[in-house]
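Okay, so here's the structure we're looking at.
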Amino acid sequence: MNITIILLYLLSFAIIWQFVGYPSLMAIAALKSKPKNKDYSFQPFVSVIVPTYNEENVIAKRIGNIRI
């Protein structure tokens, strides 16, 4: 076989693997590792940073808007 034909086969395999093979493999891996039961009672701690400058008149109202 000619070296050009071998290179074309390798490049076509690489392109097919990139757009079909690898996404399919990752989809199968994601479906197999999916947790069966979810714990919806978990509530993570969240911090909110409000960058302000000379906002002492309205910062209390803004913090009140952010709180749940």
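Bear in mind these aren't lab numbers, they're just calculated from the coordinates by the rules spelled out. These figures come from a predicted structure and were not determined experimentally. Every residue, glycine among them, receives a Cβ derived from its backbone with ideal geometry; neighbour counts consider all protein chains shown.
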Residue by residue through the range 41-47, which ³J(HN,Hα) values in whole Hz follow from phi under the Karplus form 6.51 cos²θ - 1.76 cosθ + 1.60 (θ = phi - 60°), with glycine and proline marked x? 7, 6, 10, x, 7, 10, 10
For the range 3-66, build the charge dipole from Cβ charges (+1 Lys, Arg; -1 Asp, Glu) around the Cα centre, then report which of 49, 26, 14 sits farthest towards its positive end. 26
Once you have a ≥ b ≥ c as the square roots of the Cα gyration tensor eigenvalues for the chain, tell me rounded if a/c is under 1.5, and otherwise prolate or oblate according to whether a/b is larger than b/c. oblate
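Stretch residue 29-residue 56 to full length: gain in nm at 0.36 nm per residue minus the Cα-Cα span? The partial results should precede the final answer.
Working: separation 27, 0.36 × 27 = 9.72 nm, distance 5.18 nm.
Residue separation times 0.36 nm, minus the Cα-Cα distance, leaves 4.5 nm.
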Which value in deg cm²/dmol, rounded to the nearest 500, describes the helix-derived mean residue ellipticity at 222 nm for the chain, given -39,500 (n - 2.57) per DSSP H run of n ≥ 4 and division by the residue count? -14500 deg cm²/dmol
